[in-house]
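Every number in this text was worked out from the coordinates using simple rules, so none of it is lab data. Keep in mind the model is a prediction, meaning the values are calculated, not measured. Counting neighbours? That spans all protein chains shown, and the Cβs are built from the backbone with ideal geometry, glycine included.
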Amino acid sequence: MHSFAASPVVANGGFPLESAEPILAAAGLGGQRGERMLFRGLDITLLPGQVVWLRGRNGRGKTSLLRLLAGLATPTEGELHVAGQSLRRAPAAWRRALLYIGHQNALKDDLTASEALSFLLRLGGTHSTAAQIDAALHRLGVHQCRHALVRTLSQGQRRRVSLARLALSMDQTLWLLDEPFDALDADGVAALNELLAEHAQRGGATLLTSHQALSLAEPVPRIFDLDHHALA
Amino acid sequence: MTDLFIAVLMRDLRLAWRRRIDSLLPLVFFIVALSLFPLGVGPEPQTLREIAPGVVWVCALLASMLSVNLLFAGDLADGSLEQMLLAPQPALAVATAKCAVHWLVSGLPLIVAAPLVGVLFGMSVPALVALVFGLLLGTPILSLLGALGAALTLGLRSGGMLLILIVLPLATPALIFGAGAVGTIEAGQSAAGHFSLLGALLIATAIGAPLATAAALRISTE
């Protein structure tokens, strides 16, 4: 897999949707943290059905890149399009098309797991019924703690509750996940892999970071390596 | 936009209810701070009646500032704020909802408690009515300005102190007209002018402050 990493966009052809319109297209992207330039001239294209593993050493700017793609930070240069929409021109359409789950779980300690999940879904414009919430928590194996306060949950359980959003985020074509496998056990990893595969099958695209090798079999994750992307 | 407003409002009210002891602290501060004045200034009824409106307003202002500090800090720390700003609806809804929650949780109890405190200070009934009406117009201004200050100082190390330094000068007009209204009533005149000015201040801040707060939130999370 590592041999693909020499070029920023890994082109291992033969994927049936190769010619489809890209879900995410970034051209000549530059980003900085504070005064420090992290990357420059970055091109990424995410096609429907792709899962891309964003790699790079610690401090290389993986999270910064994800936040930039999510529209939480502004690129210093370059163009960004999600589902054919430019962030600057149509921020609302942009945000409707993407789901970003950061390193933090965004769960409030004093809400129950299902309340916290339902709030996060509502932010994205999804009104979900109690049954849907239960089903989503069930998929991640945390339905038994749906009435438990988030403060009483373990790290892994919190991660699962936060990831349960994915089960109800069919409308969002682009998933940006920052270390989604963090704190998950083998069951959790399997559940997440299943969700990623389904999303790809629906024609969605995922860009994720992970410090462990991905165990996703179908679709085969492509690799985007920030280390091999020289600063222009 | 109203959907996001209601979602954030209901969530924060629920959180405030779950942590009701914490939510009551500004009110406790307000009452304790007010009860220090008779001890410090002396118990002469005439003096207390004269200083009461000003003292109530200053304590309400300080109580608001102390509680507004944490308005966005928790959401920033656990990533909720990021998610709220990622919602397809404008961040203005988040800013407005947060102001509304702050007013409901820490402004409204002060208004309810103010007449009781006023009685302890020996204020007359017309003066009490003017005080409550003034606070009704004035405390939302404090919440709106406080939220702006909290958004501007979000993530800064000495944010709490800086917030107070930013907001206090902006809040002084509300203080002057609010306390002044009670003074004119006690002098036997109409306080309509004071209330009109307070109302105008409220409208101006309600239009301007949430927009600025939303922009400041985007900058703070970048």
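A few notes on this one:
- Compactness check for segment A:138-232: Cα Rg over 2.2 N^0.38 Å is 1.17.
- Selection from A:Val51, A:Gly41, A:Ser114 lying farthest towards where the dipole of segment A:19-225 points positive, charges on Cβ: A:Gly41
- Rounded if a/c under 1.5, otherwise prolate or oblate - segment A:53-136, Cα gyration tensor axes: oblate
- Here the alpha carbons of segment A:22-66 define both size measures, Rg and Dmax, at 11.5, 36 Å.
- One chain, two ends: B:Ala204 and B:Ser158. Fully extended at 0.36 nm per residue, the span grows by 13.7 nm beyond their Cα-Cα distance.
- When the helices of chain B are scored as -39500 (n - 2.57) per DSSP H run of n ≥ 4 and the total is divided over every residue, the value at 222 nm lands at -28500 deg cm²/dmol.
- Helix B:108-120 axis, angle to chain B major axis (alpha carbon atoms, nearest 10°): 20
- Considering only alpha-carbon pairs that sit under 8 angstrom and 6 or more positions apart, the relative contact order computed for segment A:19-225 is 28 percent.
- Solvent-free Debye calculation, one equal scatterer per alpha-carbon of segment A:19-225: log10 I(q)/I(0) at 0.07, 0.15, 0.16 Å⁻¹ equals -0.20, -0.94, -1.06.
- Extended-chain gain in nm, criterion 0.36 nm per residue less alpha-carbon gap, B:Gln189 and B:Arg19: 56.8 nm
- Listed peptides A:75-88, B:49-62 by packing density, highest first (mean Cβ within 10 Å): B:49-62, A:75-88
- Computed from point charges on the beta carbon alone (+1 for Lys and Arg, -1 for Asp and Glu), the dipole magnitude for chain A about its Cα centre is near 540 Debye.
- When segment B:2-221 is reduced to its Cα atoms, the Kirkwood hydrodynamic radius in Å: 17.8
- Look at the dipole of the protein assembly as shown built from charges on Cβ: of A:His211, B:Thr172, A:Thr63, the Cα furthest out on the positive end belongs to B:Thr172.
- Ordering A:Pro221, A:His147, A:His103 by Cα displacement along the dipole of segment A:19-225 toward the positive end leaves A:His103 in first place; charges were set at the Cβ atoms of Lys, Arg (+1) and Asp, Glu (-1).
- Cβ-derived FRET efficiency at R0 45 Å, B:Ser124 paired with A:Ala130, nearest 0.05: 0.25
- Of the DSSP H helices in chain A, those whose Cα atoms cover at least 20 Å axially and whose Kyte score averages -1.0 or more: A:186-201
- Judged by the ratio a/c of the largest to the smallest principal axis of the C-alpha gyration tensor, the protein assembly as shown counts as prolate, that ratio being 1.5 or greater while a/b is larger than b/c.
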